[in-house]
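Chemist: Below is one structure. I have some questions about it.
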Amino acid sequence: MSKESKYFYSRDRDSSFSSRSQPQVAKWQNDMIVEVDENVDFHQYISLTIDKLPQKGIRPPKSNKYLKVDPILPDVFLKIYNLALRLIADIDVFEGEFYLTKHDKDWYVVEYFSLDEKHRWNISIDLRDGVDNLWLMLSSSPGHKGRPQTRKRGTPISIDEFKQHLNLTLKFLSDPDSYKVFLDDYLKNFYALCSGDSDMQGFLINAEVSFDKILDQLASRKSYIEKRLIEVDTDTDTERNRLRGELTGINYAINVIKENW
């Protein structure tokens, strides 16, 4: 049975003493959480944490004296999440500065700074692949914040190398129900690009085949849930409501994949 997913909206209680720059929506499971800044029209920020040690787990967001957290419907999260991905994918990356910065053996940052000084823009991919967890951040925003430090520490790369990293990351993030399905392939290809090897393997060889596999998995899970709702009458109302919610999410994911890929 698939892990239970919960969805949240969080924002600061007092914006005058804000510890966070933006309200966020989030999808949580006990072994992962992905958070997206709500204001996607201004900038796009996606943060994914995956726990590699199941016995540890990730705590769900909770309200405190600084932060207000409320549950939301899956569709609210998915709408903002998919829009953030789409807006990043639609950015016209052309002339600019492109860098790969290796901070540690498992910490890489890939960045783009636009050439047009009057309309500055930055895209950043920050991957930290630790022993116990993985953290991946994809962001896109106006300005050239951090460029002086990146120029000092980073290694210049070509526009093609940057686009390969970006497209790889966008495809990996394209389905928030399948992170762990493609995590190993994503990391293998990411590190290959960092080492200068552009020979992509795994799920990037044929994106259509990969998404066909996802569709098959979703269809199989959908069939199981529909059959269970019809044939099993011993589930509690809570469990049946959870299954119906999961079914709604699966149908939405199937439609998104078919429309965009």
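The values are calculated or read from the model by the stated rules, or taken from the named source; none is laboratory data. Owing to the predicted nature of the structure, the values given are computational and were not obtained by experimental measurement. For neighbour counting, all protein chains shown are included, and Cβ atoms are generated from backbone atoms with ideal geometry for every residue, glycine included.
Chemist: In the range 185-219, what residues are within 17 Å of the chain's Cα centre (by Cα) and at pLDDT 90 or above?
Modeler: Selection gives 185, 186, 187, 189, 190.
Chemist: Quick check: is even one residue across the range 61-70 of a type outside the set (D, E, K, R) and not in a loop (DSSP other than H, G, I, E, B)?
Modeler: Looking through the range 61-70, at least one residue is of a type outside the set (D, E, K, R) and not in a loop (DSSP other than H, G, I, E, B).
Chemist: Residue under question is residue 85, and the condition is that it be more than 23 Å from residue 142 (Cβ to Cβ) and assigned by TED's automatic domain parsing to the domain that holds residue 34; does it hold?
Modeler: No: the conditions fail for residue 85.
Chemist: Just name the residue that is farthest from residue 45 (Cα to Cα) out of those in the range 143-175 that are hydroxyl-bearing (Ser, Thr, Tyr) and in a loop (DSSP other than H, G, I, E, B).
Modeler: Result: 158.
Chemist: Name every residue in the range 114-131 that is surrounded by fewer than 21 Cβ atoms within 10 Å (Cβ to Cβ) and part of a strand (DSSP E or B), in order of residue number.
Modeler: Within the range 114-131, 121, 124, 126, 128, 129 qualify.
Chemist: Separate question: What residue, among those in the range 26-60 that are acidic (Asp, Glu) and part of a strand (DSSP E or B), is modelled with the lowest pLDDT?
Modeler: Here the residue is 51.
Chemist: So, of the residues in the range 30-55 that are surrounded by fewer than 20 Cβ atoms within 10 Å (Cβ to Cβ) and polar (S, T, N, Q), which turns out to be nearest to the chain's Cα centre (by Cα)?
Modeler: 47
Chemist: Pick out the one residue from 93, 109 that is surrounded by 15 or more Cβ atoms within 10 Å (Cβ to Cβ), part of a loop (DSSP other than H, G, I, E, B) and either hydrophobic (A, V, I, L, M, F, W, C) or not assigned by TED's automatic domain parsing to the domain that holds residue 26 (or both).
Modeler: Criteria check complete, one pass: 93.
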